[in-house]
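Data first, discussion second: the structure below is written as C-alpha cells.
Any read-out appearing in this document is the output of simple, stated calculations on the displayed coordinates, not a laboratory observation. Keep in mind it's a predicted model, so treat the numbers as computed, not measured. Neighbour counts are summed over all protein chains in view; Cβ atoms, including those assigned to glycine, are modelled from backbone coordinates with ideal geometry.
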Amino acid sequence: MELRIVIIGAGEVGFNLAKSLSRENHDITVVDIDPQKCSRVKNNLDSHVIEGDGASQRLLETIDMKSVDYLLALTRIDEVNLVCSRISKKMGAKHVICRLRNTEYMHKNAIITPEQFGIKYVTYPEKAAQIEIEHLVRRSSTVEVQEFNDGNILMVGINLESSSPLIGRTILSVINSNPFCRHKSVLINRNDDFFIPNNEDVYRKNDHVYFIGRKEDIDDIQKMAGKPSFDVKNVMILGSGKIGRLLAKSLQTDYNVKIIEKNKEKAKAYSPKLADTLMLIGDGLDIEFLESENISEVDCFIAATQNEQTNILASLLAKHYGAKQVILHITTTNYLKSVRRIGADAIVSKNISAVNEVLNVIRSNEDNVEIHRFDDVGVEAIDVIVDENSFYLKNQMQIEDIPSNFTVAAIIRNGQVKIPNTMTEIKFNDELLIFAKPEDALEAENLFVAR
C-alpha cells in the first residue's frame, strides 16, 4: 500500500529512511533547512524536496497534512522535532513519529511528554545504540545480538575464525551432529555478500554467521561455533558523550568501568553523576596513555566518541594492544563496509538503529505483520501468525516445500519456542519468525497469511 510520508530532517537518519521507503514506492517528501542536504536527496533519491525550516508553520502549511500518513520529525534538535510534531498533528497528519535525544521525556515524572505533542512513537537513537552495545558486552564473543519474542529468541552474529570447528562442513551436517543444540543459520555475510543459506551451503573461514536459537541455547551455539563467551570484568569506554554516559550508568554496577574523556570540563561535569565509574582525562589515541591504563587487560573496549574517525583509529589501537573485545560506534554508513574488515569485533550505529526502529513501526502498523528490518544487511525478520486459510495449509505443504529464498527460523506454539528441522510440522495459529530479503518478504507473508 502506497503511503504519503513527510520526513523533516535530511541527516543520516532522515536520508537513509527516505532511501529505504522510496524503494517501497511510497510518496516521500523531505524537508531540510540545509541546501547541501537537500541537494544530496535530490541527486540520489526519487523524493520531493522542500528547502526550509521544518518547524515553520508557514512552510508546513504548504503541505496537505490531512493526506499525510506519517510525519517523521528526525532533525538533530529536539525542540524543532517537538514543535514540528505538534503543528503537523494539529494540521491533520495521521501519525507522527519523532526522534529525541533527551531521555528526560521518558521519565515517569516528566512534566512534558511526547503524547502532549501528538506523537505516536518516539525513537531515541542514543538509547537504542546503548542497548545494542550492552547486549554485546553481556554476551561476549558475539558481533551482533538481536532479541525476538520478548527475548525468548535471540539472533547472534559470530565470526568463524580459522579455529572454528564449523569450517568446511555443511549446515545440515552441523545440525545433525548437534541434536541437543537446536539452532538455525539464517544469514551469512561472506566478503560483504549477504545471503540466506540452505542446508547444503558450506561454512567458510571468516564467514560472519547469524544464528537463531532459544535464549537458553545461545551459550551452546557459541561453543559449537568455536566462540564461547568469556567473563567480562573490565570495560573501557572512549568518550563521555550521550552513549558513553548511558552505557557507564547501566554497566557500572556489574563491571569495572572506566571512561576516557579528552575534554577536562566535560570529564569534571559528568564524573559526579557516575559514582561507580572511573573518569580518566586523556587521549584515547595516545598509545602511552592506553598502555598506562593497562589496555591489554581490558575485556571490552567501546569506542563511542562523536568523532567517527577517532573511534575507528582507537578501535584498531585497542585491538592491537590486546583488548579482548572491541566495539565500534559509527555515525554514518559511509565506512560500514570498510570497518567490517579492519579488526573491530562489533559495529554499532545509532543512526542505523533509529532507521530500523522507525521502519519497523511503519511496517508493523500498516501490514499488521511485525517486521524487523536490518537495513545494513538487506534482510527482514517477519513475524506472522499462520492463518487456517493460508496457501501453506490449504495446499498441505511441508516445511521442506518452503522456497529457499526465505527461511522459517523459529516457531512459537502455546508460548513455547521451537527451532524447526526438516520434520517439523507447521500448524494453524503458529507464530513464525521468518527471515527474507526485502524483495521476497511479501512472498513469505502470502504463504502463511490469507489475503
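Okay, here's what the table says:
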| read-out | value |
| --- | --- |
| Fewest-first sequence of 29, 332 by Cβ atoms within 10 Å of each Cβ | 332, 29 |
| Likely footprinting exposure, 67, 141, fewest C-beta neighbours within 10 Å first | 67, 141 |
| Straight-distance crosslink candidates among aspartates and glutamates, where the alpha carbon sits under 18 Å from residue 227 and sequence neighbours closer than 8 are dropped | 144, 161, 207, 216, 217, 219, 299, 345 |
| Taking region 141-224 and dividing mean pair separation by its residue count, relative contact order in percent (alpha carbons under 8 Å, at least six apart) | 37 |
| Share of Cα-Cα pairs in region 4-123 lying beyond 26 Å, as whole percent | 14 |
| Contour minus Cα-Cα distance for residue 425 and residue 320 (0.36 nm per residue) | 32.9 nm |
| Relative contact order (%) - the chain, alpha-carbon pairs under 8 angstrom, separation at least six | 10 |
| Label-to-label distance, nm, for residues given as residue 306 and residue 2 (7 Å Cα→Cβ offset) | 4.1 |
| Which of 274, 253, 301, positive extreme of dipole for the chain (C-beta unit charges) | 274 |
| Cut-off 18 Å (backbone N to label point 7 Å along Cα→Cβ of residue 79), residues of region 40-58 | 53-58 |
| Amide H partners (placed H, <5 Å) of residue 348, local residues excluded | 328, 329, 330 |
| Length-normalised contact order for region 26-78 - Cα pairs under 8 Å, 6+ apart - percent | 30 |
| Rounded, prolate or oblate (a/c below 1.5 giving rounded, otherwise prolate when a/b exceeds b/c) for region 94-244 by Cα gyration tensor | prolate |
| Distance between region 316-366 and region 11-74 - C-alpha centres, whole angstrom | 25 |
| Calculated FRET efficiency for the pair residue 66/residue 389, C-beta based, R₀ 41 Å, to 0.05 | 0.70 |
| Extension gain, residue 176 back to residue 34 (0.36 nm per residue minus Cα-Cα distance, nm) | 45.4 nm |
| Cβ crowding within 10 Å averaged over residues, with 252-262, 381-391 ranked highest first | 252-262, 381-391 |
| Cα-Cα over 27 Å, subset of 350/437; 66/350; 42/266; 394/437; 242/337 | 66/350; 42/266 |
| CD proxy at 222 nm, helix term only [per DSSP H run n ≥ 4: -39500 (n - 2.57); per residue of the chain; nearest 500] | -8500 deg cm²/dmol |
| Net charge of neighbours whose Cβ lies under 9 Å from the Cβ of residue 260, counting Lys and Arg as +1 and Asp and Glu as -1 | -1 |
| Reduced Cα scattering model of the chain, Debye log10 I(q)/I(0), q = 0.08, 0.14 Å⁻¹ | -0.51, -1.39 |
